[in-house]
Structure formats: C-alpha cells, structure tokens
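Novice: First, the structure itself, so that you have it in front of you.
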Amino acid sequence: MKKLFLTIVGLGLLVNLHATQIKVSEVLNNYMAAWNEHSLTKIDAFYAEDVIWYDLTYDATTRGKKKVSKAITDAFLGSVPDMYWVKSGDVFISGNTIIYEWVYGGTFSGEFDGVTIKNKKFEIKGVSTTTINSAGKIIKHKDYYDLLNFKYQVTAL
C-alpha cells in the first residue's frame, strides 16, 4: 500500500512538473512572438511589476516593470526596427525557469560606442534565463550575448 501511495504521489509530481514546463515554454514562446511583432504593448504585458532584468554584457541590473520595459526595448528594438529574435539551440526547463539559446539580428541604425551607424546588418548569438511566476509573468530575465561580434559586424573593425 505504501509503495502504491508513493507511486501515485510521484506520478502526480511528474504531471505537475510537466504542466509547469509547458506553461513556462508557452509564456516564453508568446513573449518572443511579441518581440518579433515589435509590439511594445505586448512585450510590456509579460513583465511582473517587480521584474528584474540583468544584462551581463554591461553588468547592469534594472528593476521594476516600467524601467525594465523601457530599458530592454530601447536596447534591443530601439535602433533595430526590423529585429528578429528566435530560439536556436538547447532549451532547459527547471521549475519555473527556462534557459535557452537564441539568435538576435536585424539592421542597426543608431549610435554605438560614440559612432553613428546606418543600415548595418548583424546577427549575434546569446543565452537567456527567464523565470516566470504563477501568474505567467516574467519576474527575472537575464541576457548573456556576444557584444564583441555585434561590434565587429556594425563597425567593420
């Protein structure tokens, strides 16, 4: 009887873990779709009020929905109106956190390192971790990406 109870509990935990993984994956897919639609309103809707964004490349942490939404969209959409962001490799899910490889690219027109750049195509790789709360909102997002390769592509070093 004890073995049967433990088996049933174990199966219940596996089903619950699988349901969490699907939800986290669905939220991420919808979040990435909002980015690829270039919809600031839709992107903003994914963040919890207390969201934290960490950008390893600049070792910068931004906190709070309004600040994160503005900072992240300015950084990745502001000078790249035709941007695209797609998963490109491994995806790992642990509880409510998803870790995934991606490719981000488009045509950059703006200022970078004090230089004005116009219409330079680029594509870079990165890895992000995104943690989602029980309401399906992003509470933590961390980006790790190849800024040096971006610099080479847009400044032709």
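Novice: Give the residue that is surrounded by the fewest Cβ atoms within 10 Å (Cβ to Cβ), with candidates limited to residues of the stretch 126-148 that are more than 19 Å from Asn29 (Cβ to Cβ) and either basic (Lys, Arg) or without any contact (Cβ under 8 Å) to a residue 24 or more places away in the chain (or both).
Specialist: Taking the stretch 126-148 first, the residues more than 19 Å from Asn29 (Cβ to Cβ) are 144-148.
Applying the additional criterion that residues be either basic (Lys, Arg) or without any contact (Cβ under 8 Å) to a residue 24 or more places away in the chain (or both) yields 146, 148.
Details: Asp146: 16, Leu148: 11.
Of everything passing the filter in the stretch 126-148, Leu148 is surrounded by the fewest Cβ atoms within 10 Å (Cβ to Cβ).
Novice: Hey, another quick one. Name every residue in the stretch 68-80 that is under 20 Å from Phe46 (Cβ atoms) and more than 14 Å from the chain's Cα centre (by Cα), in order of residue number.
Specialist: Taking the stretch 68-80 as the starting set, the residues that turn out to be under 20 Å from Phe46 (Cβ atoms) are 68-78, 80.
Residues satisfying the conditions are Lys70, Asp74, Gly78, Val80.
Novice: With Val103, Val127, Val91, Val86 as the choices, which residue is at pLDDT below 95, within 18 Å of the chain's Cα centre (by Cα) and not in a loop (DSSP other than H, G, I, E, B)?
Specialist: On the way: Val103 fails: at pLDDT below 95; Val127 fails: at pLDDT below 95; Val86 fails: at pLDDT below 95.
That would be Val91, the only listed residue that is at pLDDT below 95, within 18 Å of the chain's Cα centre (by Cα) and not in a loop (DSSP other than H, G, I, E, B).
Novice: Only residues that are among the polar types (S, T, N, Q), surrounded by fewer than 17 Cβ atoms within 10 Å (Cβ to Cβ) and in a strand (DSSP E or B): list them for the stretch 47-76, please.
Specialist: Thr61
Novice: Pairs under 6 Å by beta carbon, first residue in contact (Cβ under 8 Å) with a residue 60 or more places away in the chain in the stretch 25-42, partner surrounded by fewer than 16 Cβ atoms within 10 Å (Cβ to Cβ) and not acidic (Asp, Glu), six or more apart or different chains?
Specialist: Pairs found: Val27/Gly136.
Novice: Among the residues of the stretch 71-79, is any at negative phi and of a type in the set (Asp, Glu)? Steps first, please.
Specialist: Step one: filter the stretch 71-79 for residues at negative phi, giving 71-79.
Okay, now just the ones that are also of a type in the set (Asp, Glu), so 74.
For the stretch 71-79, residues at negative phi and of a type in the set (Asp, Glu): present.
Novice: Can you confirm whether the stretch 93-102 contains a residue that is within 21 Å of Asn30 (Cα to Cα) and aromatic (Phe, Trp, Tyr)? First the steps, then the outcome.
Specialist: Just the residues of the stretch 93-102 that are within 21 Å of Asn30 (Cα to Cα), to begin with: 93-102.
After this cut, where a residue has to be aromatic (Phe, Trp, Tyr) as well, the list is 100, 102.
Yes: the stretch 93-102 contains one or more residues that are within 21 Å of Asn30 (Cα to Cα) and aromatic (Phe, Trp, Tyr).
The values are calculated or read from the model by the stated rules, or taken from the named source; none is laboratory data. Every value quoted in this text rests on a predicted model; they were computed, and no experiment measured them. Neighbour counts are summed over all protein chains in view; Cβ atoms, including those assigned to glycine, are modelled from backbone coordinates with ideal geometry.
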